[in-house]
Amino acid sequence: MTKFKTFLQSGHGPTLFASFLYFAFSCCIWVLNGAMAPFITEDFKLSPSQRGLMLSIPIFAGALMRFPLGVLAQYIGRKSATLVEMSLIAVAMLFGFFFVHSFNDLLAMGVLLGIAGSSFGVALSLGSGWFPPKNKGLAMGLVGAGNIGTAVSVLVAPPLALHFGWQTVYGMAAAAISLPMLVMILFAKEPPDLDAHASFREHIACLFERDGWAFSLIYGVTFGGFIGLTTFLPSYYYDQFHVSKVQAGQLTMLAAFMGAMLRIFGGWISDRWGGVNTLTVVIVTVAISLVLCGLAGDSLVMTTLLLLVCFAALGAGNGALFQLVPLRWPLSTAVAGSMIGEIGALGGGLVPNAMGMSKQHAGTYLWGFVALALIAVCALLMMRVMQLRWTRTWAEKGGRARVLQAT
């Protein structure tokens, strides 16, 4: 506890909390279509492929909107950018409440939900901006734990949709976003660090390096897998096991909550064991559990247990990756993390599409799970090759921080 107080005193705790709450609410709204997918699919009679497209668009849109929001933050400040974004989220939710009446409207709503998904980079930069370099990793991990909002969404949205109608949930979300806006206005302060003043070239610098793309691919497996599966699982549980729509959300919540909570643990264990070592175990666990999930399609209990294991690994992997980011880019941690988060999040959009196509064309979700597992294995092989150079240049063996020798 004393160490945590020291950590908070090294920065600005209220801004850290405001950033966490902002990111949590954004994540909650980002996956609303996934949380309510069984209701939406039933009303619009969507095919598996149509449902996969509907679920993937918010993820793709959210990833692509992260960079424009980051650019806006350079000109008006990160705190102001969050307020602009949350205002746009409220408008988007009102569009969903009043104007979604067809499949094409749903696709447009998916793009608007992407506004909520764009919050990652600005949230991390705002929350960690007050903290010194040695504490930025933990600050980013605490803000990143706001992805627990996805678990809240799949838990709360289905019962609300059942009792009030799924379009009414959009209206409720429009009102709810006022809470993080109020907290942001009252408690957050614009950080004095240099991330907000980085040039366009500096923002995308990590993508001119192989390490930047390597980190993005790994994040595409860990966070992309997390957000993609969280979006898809309510539909999977409802279709595959014929549970109720509310139960489908509750089962998804267990997995999403596990992933969100293990993110902090992943960063903590990586500090001690090394990010590369942790990610190796993570990706192997993800690949094996995904294949076993596909094979366990007749057992609700086994599938749920395997998904808990898979999400625990995905969450730990997200934390482990961002333990490595400050080591690789110590002077531009938040900037590099923002760009890696944007590119990596695109991977999440592949998950609902892969699952929908597998079901529609093969009659089973198995091959969707297998395809995701193969992508994870490819990322692991790439990382194991590249870590040979990493441990000769900017990291100790296993991906631990280098210890400077006294002279």
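The values are calculated or read from the model by the stated rules, or taken from the named source; none is laboratory data. Remember, predicted model here, so these are calculated numbers, not experimental data. Positions of Cβ are generated from backbone atoms using ideal geometry, with glycine treated the same way; all protein chains shown enter the neighbour counts.
For the reader, a short list of remarks on this structure follows.
- Checking G121, G127 one by one, the residue that is small (G, A, S), closer than 15 Å to F17 by Cβ and in contact (Cβ under 8 Å) with a residue 40 or more places away in the chain is G127 and no other.
- Across region 222-243, not a single residue is classified as over 24 Å from V309 (Cβ atoms) and either among the polar types (S, T, N, Q) or in contact with a Pro (Cβ under 8 Å, 6 or more places away or on another chain) (or both).
- Selection status of P352, within 18 Å of F241 (Cα to Cα), touching a residue at least 24 places away in the same chain (Cβ under 8 Å), out of contact with any strand residue (DSSP E or B) (no Cβ under 7 Å at 6 or more places or on another chain) and buried (at least 21 other Cβ atoms within 10 Å of the Cβ): yes
- Taking (1) among the aliphatic types (A, V, I, L, M); (2) within 15 Å of the chain's Cα centre (by Cα); (3) surrounded by fewer than 22 Cβ atoms within 10 Å (Cβ to Cβ); (4) farther than 30 Å from W268 by Cα in turn, L53 satisfies each apart from (2).
- Qualifying residue in region 115-131 (condition: modelled with pLDDT of 95 or more and part of a helix (DSSP H, G or I)): yes
- Consider region 285-339 and keep the residues that are in contact (Cβ under 8 Å) with a residue 24 or more places away in the chain and of a type in the set (S, T, Y). The one that is nearest to A139 (Cα to Cα) is T333.
- Single match in A18, A24 (criterion: under 27 Å from G77 (Cα atoms), touching a Phe, Trp or Tyr at 6+ places or on another chain (Cβ under 8 Å) and buried (at least 20 other Cβ atoms within 10 Å of the Cβ)): A18
- Residue within region 202-211 that is modelled with pLDDT under 95 and small (G, A, S) present: yes
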